[in-house]
1. Of these, 67, 37, 7, which one is closer than 26 Å to residue 199 by Cβ and assigned to a helix (DSSP H, G or I)?
2. Taking only pairs six or more apart or across chains, which ones have beta-carbon atoms under 9 Å, a first residue in the stretch 88-107 that is of a type in the set (D, E, K, R), and a second residue that is at pLDDT 95 or above and in a loop (DSSP other than H, G, I, E, B)?
3. Any residue in the stretch 438-461 that's farther than 24 Å from residue 404 by Cα: show its pairings with residues that are not in a helix (DSSP H, G or I) at Cβ separation under 6 Å, as long as the two are six or more apart or on different chains.
4. Taking residue 292, is it under 17 Å from residue 312 (Cβ atoms), touching a Cys at 6+ places or on another chain (Cβ under 9 Å) and surrounded by 15 or more Cβ atoms within 10 Å (Cβ to Cβ)?
5. Surrounded by fewer than 17 Cβ atoms within 10 Å (Cβ to Cβ), touching a Lys or Arg at 6+ places or on another chain (Cβ under 8 Å) and of a type in the set (A, V, I, L, M, F, W, C): does that describe residue 54?
6. Can you tell me which residues in the stretch 180-205 are under 23 Å from residue 155 (Cβ atoms), in contact with a helix residue (DSSP H, G or I) (Cβ under 7 Å, 6 or more places away or on another chain) and not in a helix (DSSP H, G or I)?
7. Out of the stretch 97-112, which residues are assigned to a helix (DSSP H, G or I) and either outside the structural domain of residue 167 (by TED's automatic domain parsing) or within 19 Å of residue 23 (Cβ to Cβ) (or both)?
Amino acid sequence: MNDLYKEFLSRLEKSNDSNRKRATEKRHAKGFRTARENLDDLVDKDSFLEFGQFAVAAQRSRRQYKELQEETNADGIITGFCSINCEKVGKENSNAVAVIYDYSVLAGTQGYFHHQKLDRIIDKAREFELPIIIYTEGGGGRPGDVDVKTQVAGLHVPTFANWASLSGRSIKIAINNGFCFAGNAALFGSSDFRIATKNSWVGMAGPAMIEGGGLGKFAPEEIGPIQNHKPNGVVDVVVEDEAEATKLAKKLLSYFQGSEKAFEFNDQKMLRNALPDDRRYTYEIREILKLIADKESLIEIKEDYGRAIVTGFMRIEGHATAFIASDCKHLGGAVDSESADKASDFFDLCSDKNMPIVSFVDTPGFMVGPDSEKEGAVRRMSNLFKSGSKLVSPLVAIFLRKGYGLGAQALVGGSLHKPAFTAAWPTGEFGGMGLEGAVKLGFKKELEAIQDPDEKEKLYEKLVSNMYDAGKAVEVASFLEIDAVIDPADTRKVILKALSY
């Protein structure tokens, strides 16, 4: 080997964790992984093609070059082409991009060459329409890159606009562990899916920026803790650690990579007894979804946000589909403003990615009342109709039980005839509004005319029963308002057939 080749090998070795022992030990002491450990767990073996490995921070005029090579390796960000899930979805479907922030380099801050690397890989992801998984741990913009003489404010940075412009073209899955502030948080927040460990803090500004703005002095752990972001919709899924986050990100990505040949499923006859006999009783919608989906294929996102609606992904005979489902255990399944936002955003996301959707409906309609209007119900619920009208991906509707009012229409794209196929289980019931409310409103005079409480209750129950009989699924199907009433055990078959066109 000549001297140049030896120099090349020596420089390569400076990227390895074994040659960065102090930084590696510091990460492990926290219970965290190094950037390259996350990379190795994420990508298929020997598939990574790295960009800009020899970059260092733009600080040559203030620090020794050898020190920069050792302490600012790759300028704090690892980027490159790779394959992910090759064994599951095949080589032709597994091409992807990996972006890993390295917190051990200047706290994962974003410097001059750092941004150049990120912009370069974003351009390639756009050109080849590749999905990206990004680990976002870091402190935001870096003020110490003194070699940069062509900027003053440092705002001539196209990274954030470039990253956002990938929406609708490349799937962006973000993983965060630890502190994620300012520019790093902007990348995390504008990703399509956001996974965070329980040891995550995410905020649009870190402690220094907050204090500099005269807003007080805070510890990093006081800014954007995960217990705030789980119910507010910032984070889609909270996991234990980086290993679980990586596993989930790979599984989530697989839904957009193609079908899987191997699958197992439950005895579908169990669905015939999945709902309680009394229509007033609640049930666990997630258990029904698990029965319908291929085993171990269900992923729920935003579990604690907009809780009247359950959203996520599943496979049916290996084929990926999104789902949206009413949860009758929260507000009786009524769609409140927050749930409407959640459903609207999910429709938009699936439409952008041409991901088919199955809507499982059991709702008394939109949440109404003065408190609901204070939340901006008119605007937020109406947006759900807008998203439904623009939906281009295939949609199938399955009414499990209640399908009342505008809320029911909104959950199936705005109209019962918007889906490719609209079906109901025999337990399905339909109407312009909830039966009880319709009777109280429509027969107010008749009920008020009866003085005896027992007689009034008998008439009320009779009127509700009459309305229920008129709105049964089979009756509604006979007027062609829905396309079919199906055996619950055939739900998987119906979905597959409807989505095949």
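1. Details: 67 fails: closer than 26 Å to residue 199 by Cβ; 7 fails: closer than 26 Å to residue 199 by Cβ.
So the residue among 67, 37, 7 that is closer than 26 Å to residue 199 by Cβ and assigned to a helix (DSSP H, G or I) is 37.
2. 88/94; 88/257; 102/34; 102/137
3. Cβ pairs passing all conditions: 456/450.
4. On the way: under 17 Å from residue 312 (Cβ atoms): yes; touching a Cys at 6+ places or on another chain (Cβ under 9 Å): no; surrounded by 15 or more Cβ atoms within 10 Å (Cβ to Cβ): yes.
It is false that residue 292 is under 17 Å from residue 312 (Cβ atoms), touching a Cys at 6+ places or on another chain (Cβ under 9 Å) and surrounded by 15 or more Cβ atoms within 10 Å (Cβ to Cβ).
5. Criteria met by residue 54.
6. 180, 182, 190, 202, 203, 204
7. Of everything in the stretch 97-112, those that are assigned to a helix (DSSP H, G or I) and either outside the structural domain of residue 167 (by TED's automatic domain parsing) or within 19 Å of residue 23 (Cβ to Cβ) (or both) turn out to be 106, 107, 108.
Matching residues to (1) more than 17 Å from the chain's Cα centre (by Cα); (2) at pLDDT below 95; (3) closer than 22 Å to residue 304 by Cβ:
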{"site": "191", "(1), (2), (3)": "no, no, yes"}
{"site": "208", "(1), (2), (3)": "yes, yes, no"}
{"site": "213", "(1), (2), (3)": "yes, yes, no"}
{"site": "260", "(1), (2), (3)": "yes, yes, no"}
{"site": "269", "(1), (2), (3)": "yes, no, no"}
{"site": "272", "(1), (2), (3)": "yes, no, no"}
{"site": "280", "(1), (2), (3)": "yes, yes, no"}
{"site": "283", "(1), (2), (3)": "yes, no, yes"}
{"site": "292", "(1), (2), (3)": "yes, no, no"}
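The values are calculated or read from the model by the stated rules, or taken from the named source; none is laboratory data. Source: prediction; values computed, not measured. Note that we place each Cβ from the backbone using ideal geometry, even for glycine, and neighbour counts take in every protein chain shown.
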